[in-house]
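Contents: one structure, followed by commentary.
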Amino acid sequence: MDLAILAFFVFLYSVVAGGVERTPIFGPIVFLLLGLVLGPVGVGLLDLDVDAEGPRTLALITWVVFGAAVVGQSIGHFTWTAVRYAVLSLTVIRMLPVWLSVGGTGLKSDAKLFLGWFGPRGLASIVFAIIVLDAKLPGGDTLAVVVACTIILSIITHGLTAIPFATAFGKRAGKESRGDLMRRA
């Protein structure tokens, strides 16, 4: 039965995302759901081999563990303040530095917005939250709730917008030459 659950989510991932190679952004959504399902059962049943895809496999396992250990327990602790901060974090707080950092590159505004929306992402937030919780710093619980809220919102919003935004941006870029994507100085 447990392997059937894993097989179902691997199948779902293959169908929804079109495979690991095509759209890696949907992977975290499916594996987060897998973690939620496996949470009560325990993630010990996942005996996965680490091969050439080792780092990617480990990242997906991290999302499973995050879904199993954090999501279900933290959703009940979300506040409107945490949700508002998560929205700010995913938009202004993340996108403005990206916009400023590519300011002299000649990229058009839509390319800067695209980079700000989808880049930089990573697992670092989980690691930093664990460090803060482990150190038992004042406000650590609040920080953990805000980080969990931000990560969950990020997985959902970026997962849902990845294919449509990338497709639209790709179509527009295909109609224009590479030089046209850059503003002429």
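Only one of 101, 74, 89, 109 is within 18 Å of residue 161 (Cβ to Cβ), surrounded by 12 or more Cβ atoms within 10 Å (Cβ to Cβ) and hydroxyl-bearing (Ser, Thr, Tyr). Can you tell me which?
Going through 101, 74, 89, 109 in turn, just one is within 18 Å of residue 161 (Cβ to Cβ), surrounded by 12 or more Cβ atoms within 10 Å (Cβ to Cβ) and hydroxyl-bearing (Ser, Thr, Tyr): 89.
Starting from segment 53-78, take each residue that is on the phi < 0 side of the Ramachandran plot and among the charged types (D, E, K, R) and list its partners that are modelled with pLDDT of 75 or more and surrounded by fewer than 16 Cβ atoms within 10 Å (Cβ to Cβ), counting only C-beta distances under 7 angstrom and pairs at least six apart or across chains.
none
When residue 114 is evaluated against the numbered criteria (1) at pLDDT below 90; (2) buried (at least 16 other Cβ atoms within 10 Å of the Cβ), which criterion, by number, is the only one it fails?
Among (1) at pLDDT below 90; (2) buried (at least 16 other Cβ atoms within 10 Å of the Cβ), residue 114 violates only (1).
Out of the residues in segment 73-98 that are within 17 Å of residue 130 (Cβ to Cβ) and touching a helix residue (DSSP H, G or I) at 6+ places or on another chain (Cβ under 6 Å), state the one that is modelled with the lowest pLDDT.
74
Among the residues of segment 157-181 satisfying the criterion of being modelled with pLDDT of 85 or more and touching a Leu at 6+ places or on another chain (Cβ under 9 Å), which is nearest to residue 61 (Cα to Cα)?
In this case the residue turns out to be 158.
Can you name every residue in segment 116-174 that is within 10 Å of the chain's Cα centre (by Cα) and among the hydrophobic types (A, V, I, L, M, F, W, C)?
Those that are within 10 Å of the chain's Cα centre (by Cα) and among the hydrophobic types (A, V, I, L, M, F, W, C): 118, 123, 151, 152, 153, 155, 156.
Among (1) part of a helix (DSSP H, G or I); (2) at pLDDT 85 or above; (3) not aliphatic (A, V, I, L, M), there is one condition residue 134 misses while meeting the rest; what is its number?
(2)
For segment 117-128, state whether one or more residues are at pLDDT 85 or above and surrounded by fewer than 13 Cβ atoms within 10 Å (Cβ to Cβ).
Looking through segment 117-128, none of the residues is at pLDDT 85 or above and surrounded by fewer than 13 Cβ atoms within 10 Å (Cβ to Cβ).
The values are calculated or read from the model by the stated rules, or taken from the named source; none is laboratory data. Because the structure is predicted, anything quoted here is derived from the model rather than measured. Neighbour counts run over all protein chains shown; Cβ positions are idealised from the backbone, glycine included.
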